[in-house]
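Inspection log for the structure reproduced underneath, given as structure tokens.
Read the figures in this text as sums done on the coordinates, not as results from a lab. Model, not experiment: these values are computed from the prediction. Because the Cβ atoms are built from the backbone with ideal geometry, glycine has one as well, and the counts that use them run over all protein chains shown.
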Amino acid sequence: MSRYVVRMFAADWRLWSPATAVVALVATLVGLCVHQFAWTGDPSFAAAASDAGVGLQEFRILSITIYAVVALVACVALTVVGRASVTATSRTHALWLLLGASPMQVFGATLLVIGIVSLTGALLGALLSTLLAFWAVPAFNGAVSSVVDLPAFTLSPWAPVATVGLGALTTLAGGVLPARRAARTPPSAALRASEDGRLHTGATAARLVSGLVFLFLSCGLVAASGSARELGATGPAPMFNLAVDAGGSLLLAVYLLCPEAVGLVLRALHALLARSGLVVPALGVRAATARVRVSAATIAPLAAGLGGIGVLLCAVESVVAMTTAVQPGTRADLTDVLTIVAIVAVSMLATSAAVIALSAQDRDREIALLQAAGMRRHQIVGLLLSESFALALAASTAAAAPVAATGAVCWLVSRAALGEGLVVWPVQSAVLGLVGSWAALSLILVVPVRARLRQTPGARLREQGA
């Protein structure tokens with residue numbers, strides 16, 4: 001069984017390359033953090049900082065913030081990729097069970113697939129982080145404090161090993177429970193789920209209840225900000241904390257309720273296009289709706305990433321504007337904020353792109369049927385572009401909710417403090433997020449099928465037994 005799984009992975013390695021790339025990207029970020037931690041703990045670094053009269057705490061405060069963000073992003077991205085890897089092969093699991101494989105064999109084979117993906121990506125990430133660390137780590141510490149004469153960067157032997165272990169084990173952990181469910185799911189139920197959508201389980205109910213709890217919590221925080229003067233929370237720091245708490249709570253609600261929220265947006269968009277007579281775009285939106293229904297993690301990471309960026313930028317820039325209004329001439333260094341924004345944007349977009357690429361592994365049969373039904377090449381490309389735009393638009397719409405909550409808190413608190421509401425909306429980043437997401441998802445969906453569109457559909461359907 002294991003030899004068959006390895007041969008299957010080797011034959012279809014291109015299909016798994018997006019997931020491997022995400023693991024490599026996240027492992028690279030984790031590796032840079034590990035190298036930073038190891039170098040700042042080196043006695044030569046501590047001696048150089050002491051000679052310059054700079055405490056190590058100055059380096060570690062910002063580093064800890066970056067560590068926390070990278071750890072959160074890594075946990076979400078790697079576990080989502082692990083779950084998506086299992087979901088993408090659910091049909092194969094059902095066929096294995098029908099052919100006589102035991103549930104334990106299916107479970108082991110599934111973990112082997114995830115293990116190959118995670119280990120390959122983690123090894124690449126460890127290599128990249130080791131090479132980049134010789135430039136990135138000294139540059140980062142030099143930006144933190146330019147008065148320290150930093151020693152030459154020395155590589156810690158345990159850092160690459162820790163990077164591989166953290167990256168591979170986190171991805172594998174994300175796939176354990178889905179692999180266990182896949183091994184225990186009857187083949188008929190698995191095949192129906194792959195065609196008709198997700199199976200409704202107790203986990204779905206728990207997800208919905210948790211999402212509603214965070215939604216109500218966010219609403220309560222926004223309402224409480226209306227009494228900021230009575231609560232004594234009219235300063236920049238209380239405003240930032242309250243805004244991030246309200247936006248973060250709604251961000252968690254959006255992540256948990258993303259399939260349902262995005263489904264509403266996509267159905268409304270489909271109805272609008274259908275009434276307008278735009279058949280091909282309407283079919284693309286319908287395909288996007290089906291993709292979201294099959295996997296809850298399709299664009300939830302993208303919506304959470306865009307929302308998190310918007311919440312952070314709205315809160316920070318509004319606080320800066322309020323501080324400037326109170327104390328004109330105040331300057332703010334947003335280097336750490338922009339670093340966090342870049343990490344979240346790249347990681348969450350790559351994660352959603354990988355999940356969508358995994359869910360599109362069986363797209364060849366669908367494309368061949370569309371060609372056989374008479375659709376031309378440019379119409380199929382238009383359908384895929386419409387599908388990617390619908391996914392990007394739905395994710396951006398869902399991401400707007402936590403940003404709105406953050407902005408509402410900033411407006412209410414600043415009105416209580418200054419007599420007028422003051423909010424800086426991250427409009428530019430929202431537009432860039434929408435356009436960038438559409439471009440990335442379009443590449444993921446269009447590029448793999450362009451070569452197949454030049455082939456006749458009959459041969460491809462015969463290969464698949466249709």
Taking R0 as 41 Å, what FRET efficiency do you get between Ala52 and Arg180 from their Cβ-Cβ distance, rounded to the nearest 0.05? 0.15
Tell me, how many Å apart are the Cα centres for region 209-285 and for region 364-414? 17 Å
Taking the chain as the reference, fit the longest principal axis to its C-alpha atoms, fit the long axis of helix 363-372 to the helix C-alpha atoms, and give the angle between the two in degrees, 0 to 90, nearest 10. 50 degrees
Would you be so kind as to identify which of Thr204, Ala282, Phe134 lies farthest towards the positive end of the dipole of the chain, taking Lys and Arg as +1 and Asp and Glu as -1 on Cβ and the Cα centre as origin? Ala282
Taking the Cβ of each residue in His35, His378 as the centre, tally the other Cβ atoms inside 10 Å and list the residues starting with the fewest. His378, His35
Taking 340-346, 395-401 and ranking on average Cβ neighbours within 10 Å, highest first, one gets 395-401, 340-346
Please report Thr324, Thr185 as a ranked list, fewest other C-beta atoms within 10 angstrom at the top and most at the bottom. Thr324, Thr185
Using the count of nearby Cβ atoms within 10 Å as a rough guide to exposure, how do Met104, Met375, Met348 rank from fewest to most? Met104, Met375, Met348
Which of Val447, Gly235, Gly248 sits closest to the plus end of the dipole of the chain, meaning its Cα is farthest towards the positive end, when Lys and Arg get +1 and Asp and Glu get -1 on the C-beta? Val447
Which of rounded, prolate or oblate describes the chain when judged by the alpha-carbon gyration tensor and an a/c cut-off of 1.5? oblate
Helix-derived mean residue ellipticity, 222 nm - over the chain, DSSP H n ≥ 4, -39500 (n - 2.57), to 500: -28500 deg cm²/dmol
Which value, in debye to the nearest 20, gives the size of the charge dipole of the chain about its Cα centre, when Lys and Arg are +1 and Asp and Glu are -1 at the Cβ? 2160 debye
